[in-house]
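Asker: Before I ask anything, here is the structure I am working with.
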Amino acid sequence: MSRSQRGAAEPVTRLMPLAGTVPLAALVSGCSASPMSYLSTEGPAADPVTLMGWGFTAIAAATTLIISGLLLWAVVRHRPLRLPEARETMERGGNGLKWIYVGTLVSTPVLFGMAVWMVAATAAVIAPGRPTALTIQVIGHQWWWELRYLDHQKNQSFIGANEIHVPAGVPVKLELMSADVIHSFWIPKLSGKMDLVPGQLNETWIEASHEGEYRGQCAEFCGAQHANMVLLLVADNAAAFEAWWNAHAQPQGQVADAVSHGRDLFMKHCGECHTVDGTAAKGKDGPNLTHVASRRKIGANIYPNKRGHLGGWIADAPTMKPRVRMPAMAEKLPGGDLIAVLDYVQSLH
Ligand code: HEC
Ligand SMILES: [Cu+2]
C-alpha cells in the first residue's frame, strides 16, 4: 500500500470506533429505562453493586484502550525498515523490561482497589443499614407468588398474592420459601436474585428509594409457566401504605345482595382452592383472593384486572396460561353463573 493510499483511508478508520459509540449509548440509555433493566437501579439494596458494575466496566474499558494504544504505538514505532532474513535473529533492546515494572506498578493498586470496592459493595447490600420496617414472607408456587404480611405488634397479619406493597424509602425484610420447586425472587431495579428453596428459609431485604411500581420475575426455571411468574412491587408513601395496609388487613365484609348468588357459587366451586378471608372459602392451592379486585393484574401479573380478562380467566384459565394449576371452570358455571361469579369476584375490593 502506498503512503498516499493509506493517508486517504485514515480519517475514515479513525472515526469508526466513534460511530460505534452512538448506537451503544442509545442502547444503554434505552435498556436502563426498561422495567427489567439493572443498568440503573433505584434502591440501596442494589445501587452499590450497580455503581461497582459501571466502575469495573470503565476500568476494564480504560485498560483495553491503554493496552491497545501502547501495542499500536510499539508496532508502529518499532516497525523494522525491512523484513529480517530467515537466518537473522531479531534484536530487542534491554529497556523493554521497564514496561513490565510500569505495568505491575500501575495494575497492582488498581486491582487492590477493585478488590476493596467489591468487598465494600457486598457488605453494603448484605444487610440494611437501618432496622427494617416490616417483614413479608414470599412463598413461591408454580406459577404465582404468595405474600404473607406479618404484623407482630397488632396481630394483624394477612395474606396477599402477586402484588407486593411496601412503604418507599424504608428497608423491608423478606423471608423467602417455596411450596414446590426452586424459584428465584428478582426485582432487578431493587435487588439481586435470591432463590426460594423448598424446606429452607432464605432471608433478604429490599428498599425502593422512590414511590412507584417495579416489575419482578421468577429467575429460576420452574416449569411450563416460569416466564409468566411475574411479580409487581408497589412502593407507596407512608400514608398511602398505611391506608393500604389497614384496608387489606380487614377480612372481606358482607357482600351486597346482588352478588350473593355469585358468592354461593364461589364457595361451592372455587373455595377448595382459594381463600377469601371472612368467608367459608379457605382453599390453599391457589392465590388468596381477599381484596383481589384491587389488584392491578391477574394470572401472576400477566393480564390486566379488567372484567373481560377476569371473565376469560375464570371460564378457561388454561387457555390464557397453558398448564396453569387452575382448571377451566366454564362447564361448572353454565347460563348466567359465570357472570354471577365474575360479579362477586369484582366486588372483592
Ligand atoms: C384446582 C384449584 C383451583 C380452582 C378450583 C380454582 N382456582 Fe383460581 N387459581 C388457582 C391457581 C393455582 C391460580 C394461580 C394460577 C397462576 O397464576 O399460575 C389461580 C388463580 C386465580 C385468579 C388470579 C389471581 C391472581 O392474583 O393472579 C383468580 C381471579 C381466580 N383464580 C379465580 C377463581 C375462581 C372465580 C374460581 C371458581 C370459579 C377458581 N379460581 C377456581 C387454582 C384454582
Ligand atoms: Cu420460575
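Asker: When you scan the stretch 314-333, do you find a residue that is farther than 18 Å from A224 by Cβ and assigned to a loop (DSSP other than H, G, I, E, B), even just one? Outline the logic, then answer.
Answerer: Start the filter on the stretch 314-333 by keeping residues that are farther than 18 Å from A224 by Cβ, which leaves 314-315, 329-333.
Then drop every residue that is not assigned to a loop (DSSP other than H, G, I, E, B), which leaves 329, 333.
Scanning the stretch 314-333, I find at least one residue that is farther than 18 Å from A224 by Cβ and assigned to a loop (DSSP other than H, G, I, E, B), so the answer is yes.
Asker: When you go through A208, A161, A120 one by one, which is the residue that is in contact (Cβ under 8 Å) with a residue 40 or more places away in the chain, away from ligand 1 (no atom under 16 Å from the Cβ) and either buried (at least 17 other Cβ atoms within 10 Å of the Cβ) or β-branched (V, I, T) (or both)?
Answerer: Of A208, A161, A120, the one residue that is in contact (Cβ under 8 Å) with a residue 40 or more places away in the chain, away from ligand 1 (no atom under 16 Å from the Cβ) and either buried (at least 17 other Cβ atoms within 10 Å of the Cβ) or β-branched (V, I, T) (or both) is A208.
Asker: So, one more: Quick one: how many residues across the stretch 145-158 are of a type in the set (A, V, I, L, M, F, W, C), within 19 Å of G216 (Cβ to Cβ) and either free of Cβ contacts under 8 Å to residues at least 40 places away in the same chain or out of contact with any strand residue (DSSP E or B) (no Cβ under 7 Å at 6 or more places or on another chain) (or both)?
Answerer: 1
Asker: So is N301 touching a strand residue (DSSP E or B) at 6+ places or on another chain (Cβ under 7 Å), at positive phi, outside the structural domain of Q142 (by TED's automatic domain parsing) and not hydroxyl-bearing (S, T, Y) or not?
Answerer: Judged against the criteria, N301 is a match.
Asker: Listed residues H183, H226; which is surrounded by 20 or more Cβ atoms within 10 Å (Cβ to Cβ) and at pLDDT 95 or above?
Answerer: H183
Asker: Suppose we filter the stretch 188-229 for residues that are within 14 Å of ligand 2 (Cβ to nearest atom) and closer than 18 Å to D47 by Cβ; how many remain?
Answerer: 3
Asker: Can you tell me which residue among L176, L201 is of a type in the set (A, V, I, L, M, F, W, C), open to solvent by 50 Å² or more (accessible area, probe 1.4 Å) and more than 16 Å from ligand 1 (Cβ to nearest atom)?
Answerer: L201
Asker: Right, next: If a residue must be within 15 Å of ligand 1 (Cβ to nearest atom) and out of contact with any Pro (no Cβ under 9 Å at 6 or more places or on another chain), how many such residues does the stretch 211-220 contain?
Answerer: Here the count works out to 1.
Residue-by-condition table, conditions (1) near ligand 1 (Cβ under 10 Å from one of its atoms); (2) in contact with a Phe, Trp or Tyr (Cβ under 8 Å, 6 or more places away or on another chain):
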{"residue": "S294", "(1), (2)": "no, no"}
{"residue": "A300", "(1), (2)": "yes, yes"}
{"residue": "Y303", "(1), (2)": "yes, yes"}
{"residue": "I314", "(1), (2)": "yes, no"}
{"residue": "A317", "(1), (2)": "yes, no"}
{"residue": "K321", "(1), (2)": "yes, yes"}
{"residue": "G335", "(1), (2)": "no, no"}
{"residue": "V341", "(1), (2)": "yes, yes"}
{"residue": "H349", "(1), (2)": "no, no"}
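Asker: Regarding F112, is this residue open to solvent by 10 Å² or more (accessible area, probe 1.4 Å), modelled with pLDDT of 95 or more and of a type in the set (A, V, I, L, M, F, W, C)?
Answerer: yes
Asker: Going residue by residue through the stretch 330-342, is there one that turns out to be β-branched (V, I, T), modelled with pLDDT of 95 or more and open to solvent by less than 60 Å² (accessible area, probe 1.4 Å)?
Answerer: Among the residues of the stretch 330-342, at least one is β-branched (V, I, T), modelled with pLDDT of 95 or more and open to solvent by less than 60 Å² (accessible area, probe 1.4 Å), which makes the answer yes.
Asker: Continuing with this model, one more query. Answer yes if at least one residue in the stretch 135-144 is surrounded by 17 or more Cβ atoms within 10 Å (Cβ to Cβ), in contact (Cβ under 8 Å) with a residue 24 or more places away in the chain and closer than 25 Å to G53 by Cα, and no otherwise.
Answerer: no
Asker: Also, I was wondering about something else. Checking the structure you have, find out if any residue of the stretch 303-322 is open to solvent by 50 Å² or more (accessible area, probe 1.4 Å) and within 16 Å of ligand 2 (Cβ to nearest atom).
Answerer: Taking every residue of the stretch 303-322 in turn, at least one turns out to be open to solvent by 50 Å² or more (accessible area, probe 1.4 Å) and within 16 Å of ligand 2 (Cβ to nearest atom).
Asker: Being of a type in the set (S, T, N, Q), closer than 25 Å to H152 by Cα and surrounded by fewer than 19 Cβ atoms within 10 Å (Cβ to Cβ): is that true of Q254 here?
Answerer: So Q254 does not fit the description; no.
Asker: Something else: Which of (1) within 32 Å of the chain's Cα centre (by Cα); (2) free of Cβ contacts under 8 Å to residues at least 40 places away in the same chain; (3) assigned to a loop (DSSP other than H, G, I, E, B) does L310 not meet, given it meets every other one?
Answerer: (3)
Asker: Kindly establish whether G262 is touching a Phe, Trp or Tyr at 6+ places or on another chain (Cβ under 6 Å), assigned to a helix (DSSP H, G or I) and small (G, A, S).
Answerer: The answer is yes for G262.
Asker: Go through K193, K268 for me and flag whichever is surrounded by fewer than 18 Cβ atoms within 10 Å (Cβ to Cβ), without any contact (Cβ under 8 Å) to a residue 40 or more places away in the chain and in contact with a strand residue (DSSP E or B) (Cβ under 7 Å, 6 or more places away or on another chain).
Answerer: Matching residue, one of K193, K268: K193.
The values are calculated or read from the model by the stated rules, or taken from the named source; none is laboratory data. In this text, all values refer to a predicted model and were calculated from it rather than measured experimentally. Because the Cβ atoms are built from the backbone with ideal geometry, glycine has one as well, and the counts that use them run over all protein chains shown. Only protein heavy atoms, including side chains, enter the accessible area calculation; ligands, DNA and RNA are left aside. Shrake-Rupley method; radii C 1.70, N 1.55, O 1.52, S 1.80 Å.
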